[in-house]
Amino acid sequence: MKKRPGLYLLPFMFSTAVTTPDGAFAECAQDIIGKWQQSHVEFAGNKIKDDSQSWEFMKSGKVRFVKTRPAIDKTGDYSCEAGIIYMKGRLPGRLKILTYNGGTMTLESLDHGGGIAHVVKIK
């Protein structure tokens, strides 16, 4: 009887496909895929209207960060673990998801400033 080496690998390949979720780069407690526009920032209870930045999280594990003042438009990799978004490469930083309801989020930067960003999903 002739051996078929390909059949021995089939169960391994199937178990890998089943255990690797779609969007494995973006495993967050919440679904953050899409474009999020900042509406305001809160510092020590004071709300400041500020729509100068947005984040677009993609299923591919990429994030595009756009800020109008000063002008920044960068794309990099991200991952998410236990409610913290880790932006890598040209976008170093960590954002902690404080609240989430599917259409809005509040984010706290663990690396920059002490404000809370309020963001709205726009697409």
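Return yes when D31 is surrounded by 12 or more Cβ atoms within 10 Å (Cβ to Cβ), acidic (D, E) and in contact (Cβ under 8 Å) with a residue 40 or more places away in the chain and no when it is not. Criteria met by D31.
In the set (1) of a type in the set (S, T, Y); (2) surrounded by fewer than 16 Cβ atoms within 10 Å (Cβ to Cβ); (3) modelled with pLDDT under 95; (4) assigned to a strand (DSSP E or B), Y78 fails one condition alone, (2). In segment 43-73, the qualifying residues are those that are of a type in the set (G, A, S) and within 16 Å of E108 (Cβ to Cβ), and the one that is least open to solvent (accessible area, probe 1.4 Å) is G45.
The values are calculated or read from the model by the stated rules, or taken from the named source; none is laboratory data. What you see is a predicted model, and the numbers here were worked out from it, not measured in a lab. Cβ sites come from the backbone with ideal geometry, for glycine too, and all protein chains shown count toward neighbours. For accessibility, only protein heavy atoms count, side chains too; no ligands or nucleic acids. Shrake-Rupley method; radii C 1.70, N 1.55, O 1.52, S 1.80 Å.
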